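Beneath this line is the structure, given in structure tokens, with notes to follow.
The values are calculated or read from the model by the stated rules, or taken from the named source; none is laboratory data. In this text the structure is predicted, and so the values were computed from the model without any measurement. Please note: Cβ atoms are built from the backbone with ideal geometry, for glycine as well, and neighbour counts cover all protein chains shown.
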Amino acid sequence: MIVILTFFALVFGLFCGLSGTESEIIRFISKNSDMILYILMFSVGISIGMHNGILKKIRQYHLKILIIPLGITAGSILGGLLCSLILKLPLNQGAAVASGMGWYSLAGVTISRLGGAELGSIAFMSNLMREFFSFFLIPIIAAKLNYCTCIAPAAATSEDTTLPVLLKYTDEETVVLSVLNGMLCSFFVPILITFFFHIG
């Protein structure tokens, strides 16, 4: 259902943009993209805080909780660098786009502000596709490989939108690791995007 709503929201937004439709709502969103971004980040903070027992699990896992998000972050950046070579984009832009790690709304808005609407659209679509394909890849990876590997395609979304799929196809321990991974990846997304964009 989330995927369908996201798809229709995107198509409707494209229609409004291409048709040149002007309304108070569209003007408000365009002028207040920063405020919408802050609200989005605030809502993520609320969702993290609502998970009971997170602090207790963090104490149990110690530094082991860093292995999965560090691996996902490194793999995402390497993938972005590879794609930038294939598409002949600047390396820092490829790394910045990949640093969205599936958080398409934040990546799209942030990169649009830093590098323009075209690059922001690339960031939005690539990270949206990552989340979209995660819904189909997680059940396959759970059956063919192992549960912890299922977290990799989800990346930053493993604490929210893809969490129900992880909950269905993996176990309780993996779900806890998914939430912790999503927290850490989400924290680093805006930092990494800004860092990579400004080193170019």
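Things worth noting here:
- For Phe197, the criteria (1) outside any helix (DSSP H, G or I); (2) in contact (Cβ under 8 Å) with a residue 60 or more places away in the chain; (3) surrounded by fewer than 24 Cβ atoms within 10 Å (Cβ to Cβ) hold in every case but one, which is (1).
- Leading residue by the ranking (farthest from the chain's Cα centre (by Cα)) among those in the range 104-119 that are of a type in the set (Ser, Thr, Tyr) and closer than 16 Å to His198 by Cα: Ser112
- In the range 143-178, the qualifying residues are those that are among the hydrophobic types (A, V, I, L, M, F, W, C) and surrounded by fewer than 22 Cβ atoms within 10 Å (Cβ to Cβ), and the one that is modelled with the highest pLDDT is Ala152.
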